[in-house]
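Read through the structure below, which is laid out as structure tokens, and then see the notes.
The values are calculated or read from the model by the stated rules, or taken from the named source; none is laboratory data. All values derive from a computational prediction rather than experimental measurement. Methodologically, a virtual Cβ is constructed for each residue, glycine included, from the backbone with ideal geometry; neighbour enumeration extends over all protein chains shown. Calculation scope for accessible area: heavy atoms of the full protein, side chains included, ligands and nucleic acids excluded. Shrake-Rupley method; radii C 1.70, N 1.55, O 1.52, S 1.80 Å.
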2 protein chains.
Amino acid sequence: MARAGLTADRLTQAAADLADEVGFENVTVSALARRFGVKDASLYSHIRNAQDLRVRLAVLALAELADRVAEAIAGRSGKDALVAFASAYRRYAHEHPGRYSAMQMALDPDTAADSAAGKHAEMTRALLRGYDLWEPDQTDAVRLLHSTFHGFVSLERSGAFHSHPRGVEASWLRALDALDSLLRAWPA
Amino acid sequence: MARAGLTADRLTQAAADLADEVGFENVTVSALARRFGVKDASLYSHIRNAQDLRVRLAVLALAELADRVAEAIAGRSGKDALVAFASAYRRYAHEHPGRYSAMQMALDPDTAADSAAGKHAEMTRALLRGYDLWEPDQTDAVRLLHSTFHGFVSLERSGAFHSHPRGVEASWLRALDALDSLLRAWPA
DNA sequence: TAGGCTTACCTAGAGGTCCTAGGCAAATCA
DNA sequence: TGATTTGCCTAGGACCTCTAGGTAAGCCTA
């Protein structure tokens with residue numbers, strides 16, 4: 001009876017890959033067990049249940065994205081940083097659709113606090129240092145930026161923009177221009 | 001053997017109510033059958049499968065929201081229309097969380113074309129008549145507005161804004177102010 | 001109003017996912 | 001080397017999805 005060497009971390013990683021391949025909604029305990037050549041029941045020594053697995057996946061994705069964004073904005077400021085942040089965000093969503101979907105899960109407050117979710121807001125704040133914004137405008141701007149990035153990527157992936165010939169890439173660049181000029185002249 | 005009077009439309013309506021009560025992901029054929037006091041198998045004369053049910057629900061929600069928005073912006077223009085549109089959108093999401101989740105499903109192009117999805121873009125265009133925008137800026141602006149509304153509501157519902165004391169309502173109003181001034185001075 | 005047709009709902013059953021309880025063997029440690 | 005821990009197993013229950021085939025309710029026509 002050879003052992004597969006399962007751990008919660010290896011399962012979460014594999015679940016993330018599975019999510020990117022077959023979609024987050026198709027990440028099941030059974031499918032994951034199949035991938036390791038192991039019975040379903042064997043996974044329950046490592047994860048509490050299916051929901052726990054999905055939460056771990058969401059936390060993994062949040063951390064990965066935070067790393068990417070941190071690297072992207074390092075040493076940049078102003079519009080440069082804005083574009084780098086936004087591009088890293090969007091690229092991650094495109095390269096890892098399953099992980100990105102996982103990130104949208106509503107996490108309970110404790111889990112969210114332990115996750116990299118806070119780091120996202122913190123980095124957006126760092127980004128805003130290139131603009132002249134102070135509380136509470138800063139928080140409002142963080143929320144607006146995050147909303148726009150997430151909204152755009154989410155609608156793009158759901159096909160909402162396919163009905164019109166205008167290139168999505170062009171609209172994306174224009175949105176970034178618009179956000180930049182908005183931040184530079186934040187209405188009082 | 002009394003009949004329950006099932007039709008695809010009545011099932012879809014009930015599924016929408018069920019979604020708002022227990023969450024879109026918990027809308028199952030079994031739960032719906034239970035609600036009508038009928039066996040699971042009986043639903044399959046009216047809907048093709050579970051996915052078909054969810055798509056019908058999404059189409060219903062899109063149509064309902066389109067109606068609400070149309071009513072909200074009727075007779076308004078400029079910022080007035082912008083705020084009315086956005087508020088109707090956000091209120092619908094809050095009052096009907098299950099229906100709103102359903103709307104986010106990726107619809108295949110044919111279904112999307114038959115649905116009210118096009119009406120949404122059309123109404124956003126109508127809204128922009130109060131501002132001085134022409135193609136392709138208009139399409140870019142439609143996409144930006146939709147992204148921001150959807151992103152904000154979606155993040156708000158997933159709890160992403162709860163980590164900070166700043167009131168969500170205040171940030172929302174500021175976002176609308178920002179979008180208004182952005183549209184008035186759309187960068188060339 | 002009786003016959004036939006259509007259709008709404010049924011039972012039976014196969015296959016999949018989630019999860020618990022309890023068992024045995026592999027790895028680790030004394 | 002023997003004892004303990006840990007990893008994966010089998011067995012099995014509960015629920016969801018969906019198909020095939022049957023029966024009875026309601027409608028149409030004569």
Quiz prompt | Selection status of residue A:62, within 14 Å of chain B (Cβ to nearest Cβ), in contact with a Ser or Thr (Cβ under 7 Å, 6 or more places away or on another chain) and more than 15 Å from DNA strand D (Cβ to nearest atom) | solution = yes
Practice problem: Run down A:175, A:121 and say which single residue is under 21 Å from residue B:153 (Cβ atoms) and modelled with pLDDT of 95 or more. | Solution: A:175
Quiz item: Where in the stretch B:19-101 are there helices (runs of 4 or more DSSP H), lying wholly inside it, with at least 1 residues that are within 16 Å of DNA strand C (Cβ to nearest atom) and of a type outside the set (Val, Ile, Thr)?
Solution: B:29-36, B:40-43, B:50-73
Exercise. State which residue pairs qualify: first residue without any contact (Cβ under 8 Å) to a residue 24 or more places away in the chain and inside the stretch A:1-30, second residue within 11 Å of DNA strand C (Cβ to nearest atom) and assigned to a helix (DSSP H, G or I) in any location, beta carbons under 7 Å apart, and separation of 6 or more residues or different chains.
Key: A:14/A:32; A:28/A:50; A:30/A:40
Self-check item: Options A:173, A:182, A:128; residue that is open to solvent by 40 Å² or more (accessible area, probe 1.4 Å) and of a type in the set (A, V, I, L, M, F, W, C)
Solution: A:173
Quiz prompt | Sole residue being free of Cβ contacts under 8 Å to residues at least 40 places away in the same chain, closer than 21 Å to residue A:184 by Cα and more than 7 Å from chain A (Cβ to nearest Cβ), chosen from B:173, B:179, B:183 | solution = B:173
Quiz prompt | Subset of the stretch A:13-29 [more than 14 Å from chain B (Cβ to nearest Cβ) and more than 14 Å from DNA strand D (Cβ to nearest atom)] | solution = A:13, A:15, A:16, A:17, A:18, A:19, A:20, A:21, A:22
Quiz item: Restricting attention to the stretch A:38-52, and to residues there that are of a type in the set (D, E, K, R) and within 11 Å of DNA strand D (Cβ to nearest atom), which single residue is least open to solvent (accessible area, probe 1.4 Å)?
Solution: A:40
Practice problem: Take the stretch B:1-37 and flag every residue that is among the β-branched types (Val, Ile, Thr) and surrounded by 13 or more Cβ atoms within 10 Å (Cβ to Cβ). | Solution: B:12, B:22, B:27, B:28, B:29
